[in-house]
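Working notes, beginning with the structure itself.
The values are calculated or read from the model by the stated rules, or taken from the named source; none is laboratory data. Here the structure is a predicted model, which means the values were calculated and not measured. FYI the Cβ positions are ideal-geometry reconstructions off the backbone, even for glycines, and counts take in every protein chain you see. Areas reflect the complete protein model, heavy atoms only, side chains present, ligands, DNA and RNA absent. Shrake-Rupley method; radii C 1.70, N 1.55, O 1.52, S 1.80 Å.
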Amino acid sequence: MSRYRIETGRVDGSAWVPGPFHDALNAVTDEQAVGAVREVLTRSGFADEWGDHARVLDGERREVARMPLDRGFWAGGNA
């Protein structure tokens with residue numbers, strides 16, 4: 001099991017602009033961590049001011065996924 005970090009924010013060009021939310025979770029694989037993003041944000045009471053994107057970082061703080069928090073994401077199509 002590895003430790004991952006979920007962050008919200010926005011994208012400005014190719015740069016990540018951090019938002020106010022971040023949380024950590026344990027997962028066996030990158031895919032499992034990415035699949036947990038919607039649940040973690042929902043459980044945490046996601047608010048629009050947190051940003052319009054989320055990303056997952058691995059234990060080495062490398063980005064393993066970045067996703068728009070759009071209608072498809074909330075409907076279950078992106079994570």
| task | Could you grab me the full set of residues in the stretch 28-37 that are among the β-branched types (V, I, T) and surrounded by 16 or more Cβ atoms within 10 Å (Cβ to Cβ)? | result | V34, V37
| task | Examine the stretch 10-20 for a residue that is part of a strand (DSSP E or B), touching a Gly at 6+ places or on another chain (Cβ under 7 Å), loosely packed, with under 12 Cβ neighbours inside 10 Å and without any contact (Cβ under 8 Å) to a residue 40 or more places away in the chain, and state whether such a residue exists. | result | yes
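Condition check: part of a strand (DSSP E or B) and either farther than 18 Å from M1 by Cα or open to solvent by less than 60 Å² (accessible area, probe 1.4 Å) (or both). Does V40 satisfy that?
Working: part of a strand (DSSP E or B): no; either farther than 18 Å from M1 by Cα or open to solvent by less than 60 Å² (accessible area, probe 1.4 Å) (or both): yes.
Considered against the rule, which asks whether it is part of a strand (DSSP E or B) and either farther than 18 Å from M1 by Cα or open to solvent by less than 60 Å² (accessible area, probe 1.4 Å) (or both), V40 comes out as no.
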| the stretch 43-73, residues that are more than 12 Å from the chain's Cα centre (by Cα) and open to solvent by 50 Å² or more (accessible area, probe 1.4 Å) | R43, D48, E49, G59, E60, R61, R62, D70, R71
